[in-house]
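The values are calculated or read from the model by the stated rules, or taken from the named source; none is laboratory data. Fair warning: this is a prediction, and the values are worked out from it, not measured in the lab. A quick note on method: Cβ atoms are made from the backbone with ideal geometry, for glycine too, and the neighbour counts reach across all protein chains shown. Just so you know, the surface numbers come from the protein's heavy atoms only, side chains and all, with ligands and any DNA or RNA stripped out. Shrake-Rupley method; radii C 1.70, N 1.55, O 1.52, S 1.80 Å.
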Amino acid sequence: MSHIGCFVDGRRRDLPTVGGKGSMTVGRCYGLCKKKGFRFFGVQIGKQCWCGNHYGRYGRRDKRECRYQCRGDKTTYCGGSWRNDVYATGVVVASKAAGVKYVGCFKDNRYRDLPVVYTANYKTTKAYCFRYCRAKGYRYFGLQNGNACTCGNTVGRYGKAKSKDCARSTCKGDKRSKCGGPWRNSVFTTGLKPKSFKTPGMSHIGCFVDGRRRDLPTVGGKGSMTVGRCYGLCKKKGFRFFGVQIGKQCWCGNHYGRYGRRDKRECRYQCRGDKTTYCGGSWRNDVYATGLEEHASGVTLLGCFRDNSKRDLPLVHGAGHRTTKAYCLKYCKSRGYRYFGLQAGSACTCGNKYGSFGRVNAKQCRTRCRGDKRRTCGGSWRNSVYSTGIGSKPVRLPGLKHLGCYLDKSSRDLRKLVLSGSVTVPKCYKACKARKYRFFGVQNGYQCWCGNHYGRYRIRSNLECRVQCRGDKSTYCGGAWRNNVYATGVVVASKAAGVKYVGCFKDNRYRDLPVVYTANYKTTKAYCFRYCRAKGYRYFGLQNGNACTCGNTVGRYGKAKSKDCARSTWRQEVQMWWTMEEQRLHNRTEAQELQDTLECLTLRCFVDGRRRDLPTVGGKGSMTVGRCYGLCKKKGFRFFGVQIGKQCWCGNHYGRYGRRDKRECRYQCRGDKTTYCGGSWRNDVYATGLEEHASGVTLLGCFRDNSKRDLPLVQAPAYCLKYCKSRATGTLASRLDLRAPAATNMAALAESMQSSAERAVEATKDEPAAALEKLCLLDWNRQQACSSRQRLTASAMSSQGLQVLWLQNGNACTCGNTVGRYGKAKSKDCARSTCKGDKRSKCGGPWRNSVFTTGLKPKSFKRKQCWCGNHYGRYGRRDKRECRYQCRGDKTTYCGGSWRNESPGMSHIGCFVDGRRRDLPTVGGKGSITVGRCYGLCKKKGFRFFGVQIGKQCWCGNHYGRYGRRDKRECRYQCRGDKTTYCGGSWRNDVYATGLEEHASGVTLLGCFRDNSKRDLPLAYCLKYCKSRGYRYFGLQAGSACTCGNKYGSFGRVNAKQCRTRCRGDKRRTCGGSWRNSVYTRLESAASLFVHLGCYLDKSSRDLRKLVLSGSVTVPKCYKACKARKYRFFGVQNGYQCWCGNHYGRYRIRSNLEC
């Protein structure tokens, strides 16, 4: 006997048999139940005895609930109300049967390793589960999670687990034993074994879905079915596969898998004839092979080959679940094809040729056949190719050569139809050769066409010529409107007298020989010779087997190897179109090329427009280059151009509409068709040799530029010197000899560009100017606005001016009064861009200016000055080049410069935005303004600042900067009174200080103090503003605000460096900083007659009870009024009330910032 514990009982008793009642003891109950052969007994409510083989149905409780005294022995406990105190009697109920054996601990999941699960709960013991599963005919039983029995015929699908995993759950039917664990089966055999039967060759394939149209179509049998019986029934009928379904059906067939495979757990119905094995499921076949094979005789595997949408083997049959090697062999062989393929496990492909897209590794053809999952049937876009055993008979056909698949149309490519019907390639060959035709074609499987030319409608892929020949289905005979073209071997000679071979030359889409005629099937040497000679060209070419090319010059793209011109014959398909085409060139005469006797230089091909690039007509009609040269040179023009083969144009500038490739200037000259004379709206431009000079120019050097512009004016007029000088007045910086030859001038230019700016000036003083002229003259793509500037007269040009001109990037003139803002560059940087107005010279480079002087000097005022003092440098140092005015008393020395110590107290501040409400409100003057004149006007009126705007306005004021500062490049309008200096811009003031100061008397700086959103000084404006409102202190903050108050320093003092923000009203001064007040005092503070106690909250029931004054209140007034009334404390509130009392602080203290 052993004590187990206290357990709940119910109306359906946990221990069902009554052992006895009355004067009960534990010993007595033990004897009663053991005598009856029960394994367990329980005493209840002190007087009842219950017996049984299972317990725990309603659960365990704490032993304190089983403490009723036994009626037969009050020294012991005998359960409680509906509580059994359970003991074991020691009787053992054996679970023994032949063949029962522990298999192991196995994993389980929701899909169930053992499919039958019975939740036995409190009955769960090994003996109970054994009897349950054996009665159902299963080979294995399992114990799981302490409360379930599991049954099945196979085990271990999800793997074995550790033994300790099956010792975690106590059996509910016997708490002393273990019954598996969570998702763990303790598995045993029931002792049953499956029936044995002989099944030679049988193999299990898997579980497959079945449908109304049966996957295995023939019924083998029904009823008490086993796997072995079904095997025998189907093999006897000669079927390759059989399947058992729903435990009682047998189905036979030669194909399976039509509806797809499923997991084997769906095929676990017990066989009616042998419950220890499975026989499929509901609409599920457990499929086996019988071992019989279907043979495909005479079949040879040729390999695994690529396929795509164009199909390597053209006939594709989706065999689906019938796909096997034998089935595809029968299908393709019955249609006369030489080869068949298996693809993607579900398709048969047939054809007479294979391998068009290449062979691949055999591993790529491993997809399982849908008709037999044990075999492989190609792969995705991969054919496993086999021969069908059909072969064509060998026939000797001398000279036969396949040329390709060609398109045909209603006007036939091969003109003669000789056969129709049961056509083969040998038949067509003999018929056409007998008629002396060079080529023949078979079309659509039953037509034979002959001719001497082919390819009129272009070549197509061989894949389009795969219709089986009616006379021999193992070969192809073209397609619908597709000729499979062959050569018969008949040769037609072609001869042309006087033709000389020049060589093999490269060509591209821009064409070396401009005239291209696609002769196609007519292309021969003799034909192309006649075609080009008739058009008057010097050369003809044969290209790519199908084209004649004609022209007057050759070799633009270089010579090629001779073998490159032996790749494409006049009858071969195109292989390299627009990539690397070559020409086979021939000369139609033996004469040498005409020697050019013109003393001119070709300048390439340029676009022309309605407003002509070269404006003067030289002549029209039967034109040649030599004739046009003479016409234009006679008229004194520098350049001439021939256009559209018959026009001659003259001018001094060219390139207005841009350069084009010379291939666009290949119209034959009417006067000489062996040379070119431009094109449609294209001038072939030449120089006549005449030159135009620019005198008085000095090279200063090569300087850097960027988008912000070193010299502000950038335009594109006819030429630089005239353009820039038209905006200047004065004299030239040097005199140049214009009579020297160009070669001497170029040498001098090269030498001068290698030196510094100062040396360049000296080196070019006495040098000829022709070389400099070549860099200065500039012609380019001019806008309409620029054309009007070119027509300015000399008198009109002299009214404006700039001191220096630049040439930049070959196509731009830049002008200005200062230079070098972005530094000097190397001379070679200004020799990179060719002048658009004269392609023989260089004009600066990308963001590089070749800088020259115009010879002009700035105006000055208040000359002949001498200034004295003990300090200098207030406005900064400048470069010594700005102090090079000649002294009036001695012109061999320098005496300063313009705006260098001329205007006492004047200093430049910067460029600032202006608006409708003027930044500087007073007009100083308008018209012919200079900086000096505006300075005098504003200083005379007593203003501290002045600004010049838009070149002609003068504005005065005591404050500036209202709309913000801008970059100084926005203030570069020339002054009307002196164009060598700048006077602001449009709505931009160039601001200066006159030297007058504004004083604030009686002000003392107290320091720099912190501020925040609660405000140290609570109001705004400065000395005047704060003084007018009676405040003792004022502050300047963030450069843009005035703050006023009677106390300061609430948030602490900081370093004076934090109060360095520039005042918006005077950028030379500082006005505090961000949240920093520069604090000043106006009055001296007086000693107080009272003590300040703080800021206190008040409410409707007043903190200080007596209101004595209201209105114009001050602290002294309130002090006197409350003291006269003998009050100890007084308070001032809201600026106009005075309250008195003997107590305060009733509603708590607050920050002084709130008072």
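Summary table below
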{"quantity": "Qualifying residue in region 601-610 (condition: open to solvent by 20 Å² or more (accessible area, probe 1.4 Å) and at pLDDT below 75)", "calculated": "yes"}
{"quantity": "Number of the exception - R396 against (1) exposed (fewer than 15 other Cβ atoms within 10 Å of the Cβ); (2) modelled with pLDDT under 90; (3) touching a Cys at 6+ places or on another chain (Cβ under 6 Å)", "calculated": "(3)"}
{"quantity": "R375 closer than 30 Å to R240 by Cα, outside any helix (DSSP H, G or I) and of a type in the set (K, R)", "calculated": "yes"}
{"quantity": "Hits in region 190-205 - residues which are within 17 Å of N153 (Cβ to Cβ) and not β-branched (V, I, T)", "calculated": "G191, L192, K193, P194, K195, S196, F197, H204"}
{"quantity": "Matching option when the condition is outside any helix (DSSP H, G or I) and in the same structural domain as C6 (by the TED database), among G146, G156, G56", "calculated": "G56"}
{"quantity": "So V316, is it assigned to a strand (DSSP E or B) and over 13 Å from N383 (Cα atoms)", "calculated": "no"}
{"quantity": "Every pair of residues 6+ apart whose Cβ atoms lie under 6 Å, when the first sits in region 3-27 and is in contact (Cβ under 8 Å) with a residue 12 or more places away in the chain and closer than 15 Å to Y87 by Cβ while the second is surrounded by fewer than 21 Cβ atoms within 10 Å (Cβ to Cβ) and of a type in the set (K, R)", "calculated": "G5/R60; C6/R61; C6/K63; F7/R60; D14/R57; M24/K47; M24/R71"}
{"quantity": "Count of region 449-460 residues which are open to solvent by less than 10 Å² (accessible area, probe 1.4 Å) and under 10 Å from N483 (Cβ atoms)", "calculated": "1"}
{"quantity": "Pairs where the first residue, in region 553-578, is over 19 Å from F540 (Cα atoms) and the second is at pLDDT below 80 and surrounded by fewer than 15 Cβ atoms within 10 Å (Cβ to Cβ), C-beta under 8 Å, 6+ apart", "calculated": "Q575/R567; M576/R567"}
{"quantity": "All positions within region 6-45 that are surrounded by fewer than 22 Cβ atoms within 10 Å (Cβ to Cβ) and either of a type in the set (G, A, S) or within 60 Å of the chain's Cα centre (by Cα) (or both)", "calculated": "G10, G20, G22, S23, G27, G31, G37"}
{"quantity": "Checklist (1) among the hydroxyl-bearing types (S, T, Y); (2) open to solvent by 40 Å² or more (accessible area, probe 1.4 Å); (3) at pLDDT below 90; (4) not in a loop (DSSP other than H, G, I, E, B) applied to S1085, failing item", "calculated": "(4)"}
{"quantity": "Subset of region 410-442 (residues that are in a strand (DSSP E or B) and open to solvent by less than 20 Å² (accessible area, probe 1.4 Å))", "calculated": "F439, F440, G441, V442"}
{"quantity": "Scan of region 258-292 for residues that are under 23 Å from C369 (Cβ atoms), open to solvent by less than 10 Å² (accessible area, probe 1.4 Å) and not aliphatic (A, V, I, L, M), ordered by number", "calculated": "C267, G280, N285, T290"}
{"quantity": "Residue match in region 421-439 (condition: within 44 Å of the chain's Cα centre (by Cα) and touching a residue at least 40 places away in the same chain (Cβ under 8 Å))", "calculated": "no"}
{"quantity": "Residue under evaluation F357, criteria (1) open to solvent by 60 Å² or more (accessible area, probe 1.4 Å); (2) without any contact (Cβ under 8 Å) to a residue 60 or more places away in the chain, criterion not met", "calculated": "(1)"}
{"quantity": "Only listed residue being surrounded by fewer than 16 Cβ atoms within 10 Å (Cβ to Cβ) and in contact (Cβ under 8 Å) with a residue 12 or more places away in the chain, chosen from R509, R482, R533, R470", "calculated": "R509"}
{"quantity": "Region 221-257, residues that are of a type outside the set (V, I, T), open to solvent by 20 Å² or more (accessible area, probe 1.4 Å) and within 11 Å of R284 (Cβ to Cβ)", "calculated": "Q249"}
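Yes or no, residue by residue, for (1) open to solvent by less than 50 Å² (accessible area, probe 1.4 Å); (2) over 13 Å from L996 (Cα atoms); (3) touching a residue at least 24 places away in the same chain (Cβ under 8 Å); (4) touching a helix residue (DSSP H, G or I) at 6+ places or on another chain (Cβ under 8 Å):
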{"residue": "C938", "(1), (2), (3), (4)": "yes, no, yes, no"}
{"residue": "C956", "(1), (2), (3), (4)": "yes, no, yes, yes"}
{"residue": "Y960", "(1), (2), (3), (4)": "yes, yes, yes, no"}
{"residue": "R972", "(1), (2), (3), (4)": "yes, yes, yes, no"}
{"residue": "R976", "(1), (2), (3), (4)": "no, yes, yes, no"}
